[in-house]
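The values are calculated or read from the model by the stated rules, or taken from the named source; none is laboratory data. The model shown is predicted, which means the values in this text are computed figures rather than measured ones. Note: ideal-geometry Cβ built from the backbone for every residue, glycine included; neighbour counts use all protein chains shown. Surface areas here come from the heavy atoms of the whole protein model, side chains and all, with no ligands, DNA or RNA. Shrake-Rupley method; radii C 1.70, N 1.55, O 1.52, S 1.80 Å.
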Protein chains: 2
Amino acid sequence: MDDVARAAGVSRSTASRAINGGLRVSPEAQAAVDDAVARLGYSPNRAARSLVTRRTDSIALVMPEPDERIFTDPFLAATLRGVSAGLAGTDLQLVLLLARPGERPGHMARYLGSGHVDGVIVTSHHRGDRLEPELAGGPLPAVFVGRPFEDDGLRWVDVDNVDGGRLATRRLLERGCRRIATITGPLDMTSGVDRLSGWRAEMRAAGLPDDAVVEGDFTIAGGTEATQRLLDEHPDVDAIFAASDLMAEGALRALAARGLSVPGDVAVVGFDDLGVAASTTPRLTTLRNPAVEMVNAATSTLLALLAGEDVSPEPQVFEVELVEGASA
Amino acid sequence: MDDVARAAGVSRSTASRAINGGLRVSPEAQAAVDDAVARLGYSPNRAARSLVTRRTDSIALVMPEPDERIFTDPFLAATLRGVSAGLAGTDLQLVLLLARPGERPGHMARYLGSGHVDGVIVTSHHRGDRLEPELAGGPLPAVFVGRPFEDDGLRWVDVDNVDGGRLATRRLLERGCRRIATITGPLDMTSGVDRLSGWRAEMRAAGLPDDAVVEGDFTIAGGTEATQRLLDEHPDVDAIFAASDLMAEGALRALAARGLSVPGDVAVVGFDDLGVAASTTPRLTTLRNPAVEMVNAATSTLLALLAGEDVSPEPQVFEVELVEGASA
DNA sequence: AATAGGTGTGGTAGCGCTCCCATGCCCGAA
DNA sequence: TTCGGGCATGGGAGCGCTACCACACCTATT
């Protein structure tokens, strides 16, 4: 930076100010510094800057997903896109924190707690991650994508999962189905719990039994397996609400394997519409999960927090929307 | 750190040495420091350390993928897993660099060139990314996942794409197909080019025409569209080698739409086996792409480079393997 | 004409850490 | 006993930058 200052004919202080937004800098000095920076190809040393500003200019994207799900789930990709897009125009770095096999619990929480990043976006979190207590009330700005279990003092964005479960079920009711089952997401995730409770609410309101429930894991294989169990236990089901498209796809396969037609014998509704639904046979009727927009919103919120702005602590809940397919 | 040193009854210098591996530290001092660190919950300030060591303790994973492909391609997820797994046990951070819409070209190269990371893994790169010239011969340790176009002085790992193209084609020849087409990957990527040349080599060796070629983009929609073009231009094709499973899935759909049976009328072979192949109807015959192992190897190589070890500049090429499905 | 306030500027301290060097110590060899 | 050499230790410099402060200057207000 000394070189830049010298080349621009100003002091280090003025150069620094010019580089950082140019408050209290005359137009001439600003221009001279800009020119010197360009000519010398100067780029500030992040470490030195961090040391004094006590900011790291990086945020973490946390995915405490322990299993293989991360491999196939389009939600992961959507999340990355959303965050990356939200960071465009800032000079923040995106640090990715994936759960690693064999890692002791609390490792991530400790990492986050020790000042390596300025803020954090948590997604795909499970009950028992220890992230919620660590981040609630802590000094680190954090936004959860997906409602946390205990949301005291936590900011979060989510889709309206309960309403999604309701809409899916209503759709099945409207087409005349009466024995409607559901394959839930993991019940240690709120998205799993909430979609289930939407289904349950609608079933009860219709005066129908809400006992045909199998827990899935958001994967194709899990959906297939769950459907087999379901059909064994409740051979009379005429519809399935799967809490994700991947599981719905698994369900389609299990149904096909048993020679059941969709939607003739069993109607199927999925959840997400992140690419999978359009690629099944028949095409899935599903609920659009505005994942990218949602993650983008989470990122914006985090940026606002980092900028010290007053951000409403209210969660942002995105509407879901039924997408017509041929499966229900 | 002063606190730790004081609590341990040693000087800052000794504390620092103890924390960083403990060379020239007596067992007693080491124990005292370890104890103090644990008691005080001390974690070193990364910025301060970086400032003096001139290392950042972070590596970049670069995905200069400009389009939507990143959304659905399981290769992305496999890459993340592989890198994350490879970093387990180190205290390196993983910084994710995705191409952002509207970003001027060269932006990434500039970023990487200015010392923000200690090393870089590049994946999914295209001709024209400007990454190759920037990284070749430059000071920044770099490993490409996927052969670069100009590999002078670059380290890379890849699967044997040419052999993959050959194996796929041979399989189709063996089942008696004679009019074999291919849907290529993007031809500004070496994986696209190499799989095509494997196909071409085998076709020529068999004395068959190698003109039924359509360029795809590694997506389902692209595969569908390419297949339609293919069938229009060459109605006599009896087999298709698609350079990715996603495109193969698109092909299956286009074929189904035209009432052609698979593999009866047209046999199909895909490429990747990263989850998609198992979920199509019929199940795809494909080539296993050992993506996670490959990326893991790339990460190990990078770590070795960072450690200053002598690493052979030879590329590491992984074998592909035919996976039986029902489509060919 | 004198004062107050605002603006651009340069000097300087210090962020938390590692590295270099000087010091003191103990051991074995002369 | 004396001396050289290894080893553990502590002191201090300095990495590159920003934040604070003091200063000069310039314009409006009394």
Item to check | Options A:274, A:303: the member that is part of a helix (DSSP H, G or I), out of contact with any strand residue (DSSP E or B) (no Cβ under 7 Å at 6 or more places or on another chain) and crowded, with 19+ Cβ neighbours inside 10 Å | outcome: A:303
Checklist entry - Has segment A:290-297 got any residue that is more than 22 Å from the chain's Cα centre (by Cα), at pLDDT below 95 and more than 15 Å from residue A:165 (Cβ to Cβ)? => result no
Next on the checklist: It is to be established whether one or more residues within segment B:82-91 are touching a residue at least 40 places away in the same chain (Cβ under 8 Å) and within 16 Å of DNA strand D (Cβ to nearest atom).
Outcome noted: no
Item to check | Qualifying residue in segment B:24-36 (condition: assigned to a helix (DSSP H, G or I), of a type in the set (Ser, Thr, Tyr) and more than 15 Å from the chain's Cα centre (by Cα)) | outcome: no
Checklist entry - Can residue A:53 be described as out of contact with any strand residue (DSSP E or B) (no Cβ under 7 Å at 6 or more places or on another chain), within 14 Å of DNA strand C (Cβ to nearest atom) and either modelled with pLDDT under 85 or within 14 Å of chain B (Cβ to nearest Cβ) (or both)? => result yes
Checklist entry - Here are B:316, B:228: which of them is modelled with pLDDT of 95 or more, within 26 Å of the chain's Cα centre (by Cα) and open to solvent by 50 Å² or more (accessible area, probe 1.4 Å)? => result B:316
Checklist entry - Taking segment A:5-48 only, how many residues are more than 9 Å from DNA strand C (Cβ to nearest atom) and within 14 Å of another protein chain (Cβ to nearest Cβ)? => result 10
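Right, residue B:58: closer than 30 Å to residue B:143 by Cα, within 11 Å of chain A (Cβ to nearest Cβ), among the small types (Gly, Ala, Ser) and within 13 Å of DNA strand D (Cβ to nearest atom) or not?
No; evaluated as a whole, the condition is false for this residue.
Does residue A:11 satisfy being more than 30 Å from residue A:107 (Cα to Cα), near DNA strand D (Cβ under 8 Å from one of its atoms) and among the small types (Gly, Ala, Ser)?
No.
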Checklist entry - Quick check, is residue A:166 of a type in the set (Lys, Arg), over 18 Å from the mean Cα position of the chain (by Cα) and either open to solvent by 50 Å² or more (accessible area, probe 1.4 Å) or at pLDDT 95 or above (or both)? => result yes
Next on the checklist: Please go through segment B:235-256 and give me each residue that is open to solvent by 30 Å² or more (accessible area, probe 1.4 Å) and in contact (Cβ under 8 Å) with a residue 24 or more places away in the chain, ordered by number.
Outcome noted: B:236, B:238, B:253
